[in-house]
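Below is one structure, written out as structure tokens; comments come after it.
What follows draws every value from the coordinates through simple rules; no lab data is involved. The model shown is predicted, which means the values in this text are computed figures rather than measured ones. Cβ placement follows ideal geometry from the backbone for every residue including glycine, while neighbour counts extend to all protein chains displayed.
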Amino acid sequence: MNKAELVDKIAKDAEITKAQANEALDSFTKSVVATLKKGEKVTLVGFGTFSVSKRSARVGRNPQTGKEIKIPAKKVAKFKAGKEFSTKLK
């Protein structure tokens, strides 16, 4: 499912226009990103938790040349599915 398909589904289920559904989805994603940038978690009970994890610097290998390269440390977004969400996938 891509963004356009998700917007269509939200609009249909909530009985709102596609423009309103798109605004709501954009607001949600911006809010999650802003919260994660502050180093905080976003927890949606029954769905899951978005968080930020720090990945330390490490040495990797270029698969084409075999030469070692330094991979810098960075922050990565993580999502951990909640118990209720996980059970619905079975």
Checked against the positive end of the charge dipole of the range 41-90 (+1 on Cβ of Lys and Arg, -1 on Cβ of Asp and Glu, about the Cα centre), the farthest of A57, V45, T87 is A57
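Kindly provide the chymotrypsin sites (Phe, Trp or Tyr not before Pro) of the range 1-73 that DSSP labels as loop, not H, G, I, E or B, and whose Cβ sees at most 11 other Cβ atoms within 10 Å. Walk me through the numbers on the way to the answer.
Numbers: sites: F28, F47, F50; in loops: F47.
Those that pass, being in a loop and sparsely packed, number zero.
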Kindly express, to the nearest 10 degrees and within the range 0 to 90, the angle between helix 3-14's C-alpha long axis and the longest C-alpha principal axis of the chain. 30
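Please list, by residue number, every one of the trypsin sites (Lys or Arg not before Pro) in the range 1-62 that is coil in DSSP and has at most 14 other beta-carbon atoms within 10 Å.
Within the range 1-62, the qualifying trypsin sites (Lys or Arg not before Pro) (loop, at most 14 other Cβ atoms within 10 Å) are K38, K41.
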Among V33, V76, V59: highest mean-square fluctuation, GNM of the chain, C-alpha pairs under 10 Å: V59
Restricting the count to DSSP beta bridges whose residues both fall in the range 1-74, what percent are antiparallel, rounded to a multiple of 5? 100
Checking the range 6-44 for GluC sites (Glu not before Pro) in a loop per DSSP with at most 16 other beta-carbon atoms within 10 Å yields E15, E40
Starting from the Cα of K83, step 7 Å along the direction of its Cβ; do the same at S56; then give the gap between the two resulting points in nm. 3.2
Nearest 10 degrees is fine. How inclined is helix 18-37 to the longest principal axis of the chain, computing both from alpha carbons? 40
If I take the Cα coordinates of the chain and project them onto the principal axes, what are the three extents in Å, biggest first? 55, 33, 28
